[in-house]
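Below is one structure, written out as structure tokens, with a few remarks after it.
Taken together, the values in this text are just the output of simple stated rules run on the coordinates, not laboratory data. Note that this is a predicted model, so its numbers are computed, not measured. No Cβ is skipped: glycine too gets one built from the backbone with ideal geometry, and neighbour counts run over all protein chains shown.
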Amino acid sequence: MKDLKQAIKEKARQLGFILAGVTSSDPPEHYEIYEAWLDKNHHGAMDYLASERNRSRRADPKQILPECKSILVLALPYSPVSPSSPALPPEEEGSPLSLWERGRVRVAAYALGDDYHDIIPPRLQEIVTFIEEQVGHPIPNRWYTDTGPILERELAQRAGLGWIGKNSMLIHPHKGSTFLLAEILLGIELEPDNPFPTDHCGTCARCLDACPTQCILPNRTLDAPRCISYLTIENKGGIPEDLRPHIQNWIFGCDICQQVCPWNHFSPPADPALEPKIPLPIQTSDLLLSSSEFNQRFKRSPIKRAKRRGYLRNLAIAAGNRRVENDIPILEQAAQDEEELVRIHAQWALKNTG
Ligand code: SF4
Ligand code: SF4
């Protein structure tokens with residue numbers, strides 16, 4: 001099946017995937033790291049990660065697709081992360097211009113384009129259709145793009161796509177880590193690729209030093225409840241006061257541990273469908289968006305996942321960290337918002353700014 005594998009990889013490249021590799025359906029060797037991570041409650045409020053069903057599926061891909069014989073792992077690039085300083089530039093402290101006017105709120109690079117959950121699945125379907133055409137019959141299959149219970153970074157390492165860095169990201173020596181992973185479980189035997197053989201982090205510890213909340217753990221996992229990505233996206237409630245200053249001006253996700261990673265000097269350009277589209281700079285008036293305005297503005301963006309209340313909570317925290325007088329009138333209005341979550345964070349921002 002070697003020719004078929006090469007043909008599949010060629011098809012994947014035509015569809016924009018910059019990396020493609022095959023691994024077996026064997027259980028992931030390091031599953032116990034995941035169990036230990038759950039035991040320590042490093043998954044925060046993401047309870048679904050600890051369900052019996054989720055655990056058993058992560059422990060063995062055949063629990064997802066009993067006919068699974070091979071797993072195709074793919075990577076689609078998003079915008080390279082800017083190598084800019086992770087901290088707010090000191091010369092802007094006390095600037096009379098608002099954070100928003102300067103476009104100084106920051107959004108994780110993967111979220112600047114359209115939602116990858118809409119972009120990647122049709123391409124995965126196209127690959128499955130291609131394989132079925134090649135073999136002449138339907139094939140049991142199941143695909144995910146961070147949507148399912150699968151240890152995708154370990155499978156990616158096993159399929160030869162790169163190593164898991166100290167920042168927990170999958171890193172390729174020529175492509176960095178600015179890509180999204182996707183997997184197709186296939187009921188067809190394909191020759192597995194060799195696992196990626198080396199760890200190129202060496203003595204580097206830039207990501208550990210730069211992480212504002214020090215949430216990167218020694219075993220290459222994260223203490224999610226302290227990670228800005230979790231706090232501004234997955235977390236649906238309030239953000240602990242002691243962590244708010246560390247969030248700086250990130251309003252959806254955080255790229256710092258990727259920005260400082262030397263391997264991202266080699267990041268490829270974004271897939272055209274994932275190029276930045278959201279209108280930046282985000283305006284002060286976003287703190288006053290109605291639900292329908294929010295839904296309209298972000299209907300194609302991953303930012304919709306935060307929902308209006310989470311997005312406004314995040315904007316209020318960024319404003320509270322920025323402390324610009326011009327924002328006070330808008331924060332005063334936000335402090336009267338119909339959502340308690342927004343009111344609480346806007347009041348905190350006002351206290352900081354006043
Ligand atoms: S995304 Fe930000 S907060 Fe999370 S681990 Fe990386 S640097 Fe730390
Ligand atoms: S910043 Fe350094 S330690 Fe962290 S993932 Fe990159 S190479 Fe590894």
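Here is how the numbers come out for the structure above:
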| quantity | calculated |
| --- | --- |
| Cα long-axis angle, helix 340-353 against the chain (0 to 90 degrees, to the nearest 10) | 60 |
| Where only C-alpha atoms are counted, convex hull volume of segment 252-354 per residue in Å³ | 116 |
| q = 0.09, 0.14, 0.15 Å⁻¹: log10 I(q)/I(0) that the Debye formula gives for the chain, counting C-alpha atoms only | -0.53, -1.18, -1.31 |
| Neighbour-count order for Leu190, Leu217, Leu315, Leu288, fewest beta carbons within 10 angstrom listed first | Leu288, Leu217, Leu190, Leu315 |
| For segment 117-258, projected area of the alpha-carbon convex hull averaged over all directions, nm² | 10.5 |
| Mean separation of Cα contacts under 8 Å, 6 or more apart, over the residue count of the chain: relative contact order % | 24 |
| Local electrostatic count, Pro225, Cβ distance below 13 Å [Lys/Arg +1, Asp/Glu -1] | -1 |
| Label-point separation, Asp146 to Glu10 (7 Å along Cα→Cβ), nm | 3.2 |
| Convex hull of segment 1-88 built on C-alpha atoms - directionally averaged projected area, nm² | 9.3 |
| Packing-based exposure ordering (other Cβ within 10 Å, fewest first) of Ile188, Ile33 | Ile33, Ile188 |
| Helix axis angle, 2-14 relative to the chain longest principal axis, alpha carbon, degrees | 30 |
| Karplus-derived HN-Hα couplings along segment 256-272 (A = 6.51, B = -1.76, C = 1.60, θ = phi - 60°), whole Hz, x at Gly and Pro | 4, 6, 8, 4, 8, 6, x, 6, 7, 5, 9, 4, x, x, 5, 4, x |
| Solution diffusion estimate, µm²/s, Stokes-Einstein, segment 109-199, Kirkwood Rh from C-alpha pairs, 37 °C, viscosity 0.692 mPa s | 224 |
| Residues Met169, Met46 arranged by fewest to most Cβ contacts within 10 Å | Met46, Met169 |
| Cα-based shape type of segment 217-285, given that a ≥ b ≥ c are square roots of the gyration tensor eigenvalues and the cut on a/c is 1.5 | oblate |
| Förster radius 45 Å - calculated FRET efficiency between His174 and Ile328, Cβ distance, rounded to 0.05 | 0.40 |
| Förster radius 45 Å - calculated FRET efficiency between Asp3 and Asp47, Cβ distance, rounded to 0.05 | 0.50 |
| The chain: calculated mean residue ellipticity at 222 nm from DSSP helix runs of at least 4, using -39500 (n - 2.57) | -9000 deg cm²/dmol |
| In order through segment 191-206: 3J(HN,Hα) via Karplus (6.51 cos²θ - 1.76 cosθ + 1.60), integer Hz, x for Gly, Pro | 5, x, 6, 6, x, 5, x, 10, 10, 9, 6, x, 8, 4, 9, 4 |
| Charge sum, other residues only, whose C-beta stays under 15 Å from Glu340's C-beta, Lys/Arg counted +1 and Asp/Glu -1 | +3 |
| In order through segment 111-127: 3J(HN,Hα) via Karplus (6.51 cos²θ - 1.76 cosθ + 1.60), integer Hz, x for Gly, Pro | 9, 7, x, 5, 5, 5, 5, 8, 8, 6, x, x, 6, 5, 4, 5, 5 |
| DSSP-loop GluC sites (Glu not before Pro) across segment 313-354, with at most 11 other Cβ within 10 angstrom | Glu338 |
| Net lengthening on full extension, Glu32/Ser56 (0.36 nm per residue, minus Cα-Cα) | 7.5 nm |
| Local electrostatic count at Thr178 - Lys and Arg +1, Asp and Glu -1, tallied over other residues with Cβ under 14 Å | -2 |
